[in-house]
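Input: a single structure, listed below in structure tokens.
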Amino acid sequence: MFQKFFGYKTSSTSGTGSQRSLKYRPDIDGLRAIAVISVVLFHAFPDSIFRSGFVGVDVFFVISGFLISTIIFKGMNERMSGTGLAKPFSFIDFYSRRVRRIFPSLIFCLLTFLVLGWFVLLPDEYSLFGKHTAGASAYVSNLLLWSEAGDYFQTASQTKPLLHLWSLGIEEQFYLIWPLVLFIAYKLNFNIFTLALVGALASFGFELSSVKSNPTEAFYSPFLRFWELMAGSLLAWLKLYKVEMFTGIANRVGPYLSSMLLRSSEKSDNVRLCGNILSVLGLAFLLTAVFALDSKDFPGYKALFPVTGAVLMIAAGKDAFLNRYLLSNKIMVWFGLISYPLYIWHWPFLSFAWILGGELPQLNVRIGCVVLAVIMSAVTYYFVEPRLRWGRYGGYKAAGLLSVMVIIGVTGYSIDRHDGFTARMNDPEQSLIDSVNQQLRKDNKRCLGVIPDWGKLGGGNQCKLQRSPGKNTIALIGDSHAGHLYPGLITKTRGSEGIAVFPGTCAVPLMGLHSGMDPKNPARAHTEHLLSEGFSYILSHQNIKKVVLSHNPSCSWHRVIDTRNPDNSDFNSILRDGFSRTYDALTKAGKEIYVVLDNPSYHKSWQKCKASVVRRPVGIPDFLSSKNAKVCSVKQSEREDREWWANWNKIAHEKAAGYKNIQFIDMADVLCRNGTCSMLDPKGNMLYGDVNHLNIRGSIYAAPFIFNKLRH
């Protein structure tokens with residue numbers, strides 16, 4: 001065995017680099033196995049030693065870049081030179097093969113969970129799943145998740161069953177661009193290696209500059225991830241056209257290495273010895289990546305570990321000791337063969353279990369999900385993929401698969417547009433909730449006719465006007481906690497009353513203040529501008545008599561600047577100036593001011609509560625669901641948000657002293673009873689849509705209390 005490792009000659013190699021590149025390499029399937037097993041174990045056992053198994057995706061990028069670029073390089077070279085050594089590259093043939101390779105598994109998985117979701121997901125969950133299905137069908141999941149400004153590693157991501165498909169989006173976006181770039185480069189006689197190297201370095205450089213300032217962009221942006229695929233492309237080019245360079249380096253370096261490692265170096269095979277060393281170094285990089293990294297500031301320079309490891313192991317060649325005896329092991333190869341469907345299947349099972357249970361599933365449930373994913377992957381590999389990927393009529397198969405994927409995408413879009421098909425729920429109040437949702441869309445269009453910027457910059461928080469401009473009498477302004485009061489209030493208006501709402505993502509409703517600097521959430525960048533437009537609208541419309549300021553104080557907690565006095569860095573001083581400025585301006589305009597003291601937050605228990613009390617379309621087995629309604633409440637003195645809540649309330653009251661037109665609406669008065677706050681109404685209905693936002697039912701529940709304040 002030691003002789004095999006150190007490279008004593010056992011056989012000779014033959015053939016050119018081009019010929020060898022066409023041969024099947026079982027060790028690459030073994031490398032795929034390491035990648036997919038790392039990802040699966042990270043997702044299934046997040047607190048285990050596989051704490052950074054997510055780097056398996058980076059390994060997949062390198063493998064994909066190497067294999068696909070090898071095909072493209074050879075095809076392009078043949079197309080330009082006509083040597084007869086390979087099949088000329090064809091864009092139609094290339095994309096037809098891509099469709100037949102990647103569509104069958106994804107279609108099978110999406111259809112399965114669309115059907116399963118119909119029976120077990122609540123409307124909001126199914127609506128989000130439909131939205132992400134539409135994104136997955138178009139291979140833009142990464143762009144969709146990026147637009148949602150979500151952190152891949154945050155807990156909320158566990159409830160997105162198609163979260164993992166971000167990587168497929170990046171990969172396919174690369175293959176939409178890369179073949180065209182290479183075609184133009186070959187036509188213009190550019191140096192392909194130099195072009196790829198410059199592109200990879202540029203991509204990596206921009207990623208390094210973004211990983212701290214905008215980590216969401218660094219993670220999901222295709223252009224900031226392309227360098228990982230191009231690392232594989234660079235290796236493919238070297239393996240094809242510079243194989244002699246590898247041999248020459250090995251023959252120059254090998255003797256020195258042999259003299260250091262062997263007693264007798266006369267019989268050593270320099271090429272094999274260097275290959276063995278490369279594979280050992282590669283495995284060391286991979287093990288470091290899987291077991292020792294953390295998610296902070298990832299990818300960044302940390303992604304060099306899995307990328308370098310994968311490059312070194314592929315460069316080592318199939319005859320390297322570890323590649324032959326570890327990666328080419330039959331079990332590893334088998335997992336490598338099913339790696340793509342296993343990657344597709346594993347996360348939806350785990351995520352559905354998380355959604356139904358409201359927390360990390362029990363160990364036996366997670367193990368069951370992994371086993372089920374392996375079974376479905378094997379079924380996909382042996383019975384679904386071969387019939388659609390291989391054989392005659394490849395073009396027709398590709399067209400058929402593309403058509404089915406379009407239908408799935410339209411289905412997902414329809415699910416999202418229809419709010420998750422609420423008719424599935426046997427809820428007597430659902431018709432009212434549906435009518436409110438329809439009204440919200442109409443009210444949003446009415447507002448965009450007046451303030452079009454909100455449609456371009458507002459993201460998920462859109463302004464709304466219940467009545468035509470000039471006929472609304474009450475205005476809500478702030479962040480999404482102003483927005484979540486609006487649905488209930490419009491159901492309780494009387495006579496000439498009308499509501500307008502101006503919500504910005506985490507926006508602080510104080511004139512001149514900006515709370516949008518959080519690099520993890522670029523959607524907040526324009527909130528100060530939007531709220532300025534909202535305040536201008538309020539001040540210029542005399543029909544608006546009452547103004548409600550509503551804000552989640554955690555959004556601005558030590559993350560706010562005063563645009564009119566940017567040198568002021570004292571947080572409480574900034575808030576005091578903002579309150580004074582806002583109170584003065586609204587008072588001079590003759591407005592009555594109502595300051596909402598925010599509702600409790602339930603970051604630790606909302607998912608568990610939802611799983612315990614909300615009835616799903618079909619019954620869920622006890623081992624998958626939680627039945628502990630006690631998690632739905634908390635003592636008011638133990639509120640998670642009490643620190644920033646108390647600070648905001650103190651300053652709001654302090655600066656209101658001396659004003660006769662300012663009143664306060666304390667949401668604890670309606671959501672807390674006898675010193676205990678709850679996510680449920682007295683009948684046991686869920687009032688929260690997430691950890692700190694009221695759902696429409698909750699908004700309707702709170703509306704009479706709010707109007708009682710506004711009308712007196």
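Worth pointing out:
- Of residues in segment 268-290 being farther than 19 Å from LEU304 by Cα, in a helix (DSSP H, G or I) and among the polar types (S, T, N, Q), the one most open to solvent (accessible area, probe 1.4 Å): ASN270
- Within segment 185-218, tally of residues that are touching a residue at least 24 places away in the same chain (Cβ under 8 Å), open to solvent by less than 40 Å² (accessible area, probe 1.4 Å) and touching a Leu at 6+ places or on another chain (Cβ under 9 Å): 8
- Residue check, PHE113 over 18 Å from the mean Cα position of the chain (by Cα), open to solvent by less than 10 Å² (accessible area, probe 1.4 Å), under 21 Å from GLU172 (Cβ atoms) and aromatic (Phe, Trp, Tyr): yes
- In this structure, LYS242 does satisfy being over 12 Å from the mean Cα position of the chain (by Cα), open to solvent by 60 Å² or more (accessible area, probe 1.4 Å) and under 22 Å from ILE63 (Cβ atoms).
- If the condition is being crowded, with 23+ Cβ neighbours inside 10 Å and outside any helix (DSSP H, G or I), then segment 568-595 contributes only VAL595.
- Residue match in segment 159-171 (condition: at pLDDT below 90, over 26 Å from SER96 (Cα atoms) and assigned to a helix (DSSP H, G or I)): yes
- None of ILE37, ILE107, ILE63 is surrounded by 18 or more Cβ atoms within 10 Å (Cβ to Cβ), modelled with pLDDT of 95 or more and more than 22 Å from the chain's Cα centre (by Cα) except ILE63.
- Of the numbered criteria (1) within 29 Å of THR216 (Cβ to Cβ); (2) in a loop (DSSP other than H, G, I, E, B); (3) open to solvent by 10 Å² or more (accessible area, probe 1.4 Å); (4) not polar (S, T, N, Q), the one ARG494 fails is (1).
- Scan of segment 632-656 for residues that are assigned to a helix (DSSP H, G or I), open to solvent by 40 Å² or more (accessible area, probe 1.4 Å) and not small (Gly, Ala, Ser), ordered by number: GLN636, GLU638, ARG642, GLU643, TRP644, TRP645, LYS650, HIS653, GLU654, LYS655
- Checked against the criterion of being part of a strand (DSSP E or B), open to solvent by 40 Å² or more (accessible area, probe 1.4 Å), touching a strand residue (DSSP E or B) at 6+ places or on another chain (Cβ under 8 Å) and more than 29 Å from ASP427 (Cβ to Cβ), segment 657-674 has at least one qualifying residue.
- Only one of ASN599, ASN565 that is open to solvent by less than 10 Å² (accessible area, probe 1.4 Å) and of a type outside the set (Val, Ile, Thr): ASN599
- Within segment 298-307, the residues that satisfy the criterion of being open to solvent by less than 50 Å² (accessible area, probe 1.4 Å) and not aromatic (Phe, Trp, Tyr) are PRO299, GLY300, LYS302, ALA303, PRO306, VAL307.
- Filtering segment 313-326 to residues that are in a helix (DSSP H, G or I) and more than 16 Å from PHE60 (Cβ to Cβ) leaves ALA315, ALA316, PHE321, LEU322, ASN323, ARG324, TYR325, LEU326.
- Pairs, first over 19 Å from THR308 (Cα atoms) in segment 26-47, second open to solvent by 40 Å² or more (accessible area, probe 1.4 Å) and not charged (D, E, K, R), C-beta under 6 Å, six or more apart: LEU41/PHE50; PHE42/PHE50
- So PHE94, is it more than 26 Å from LEU326 (Cβ to Cβ) and modelled with pLDDT of 90 or more: yes
- Residue check, ILE331 assigned to a helix (DSSP H, G or I), touching a helix residue (DSSP H, G or I) at 6+ places or on another chain (Cβ under 9 Å), modelled with pLDDT of 95 or more and within 24 Å of ARG25 (Cα to Cα): yes
The values are calculated or read from the model by the stated rules, or taken from the named source; none is laboratory data. Just so it is clear, the model here is predicted, and its values are computed rather than measured. Heads up, the Cβs are rebuilt from the backbone with ideal geometry, glycines too, and the neighbour counts pull from every protein chain shown. Ligands, DNA and RNA are stripped out before the accessible areas are found, and what is left, the full protein with its side chains, is counted by its heavy atoms. Shrake-Rupley method; radii C 1.70, N 1.55, O 1.52, S 1.80 Å.
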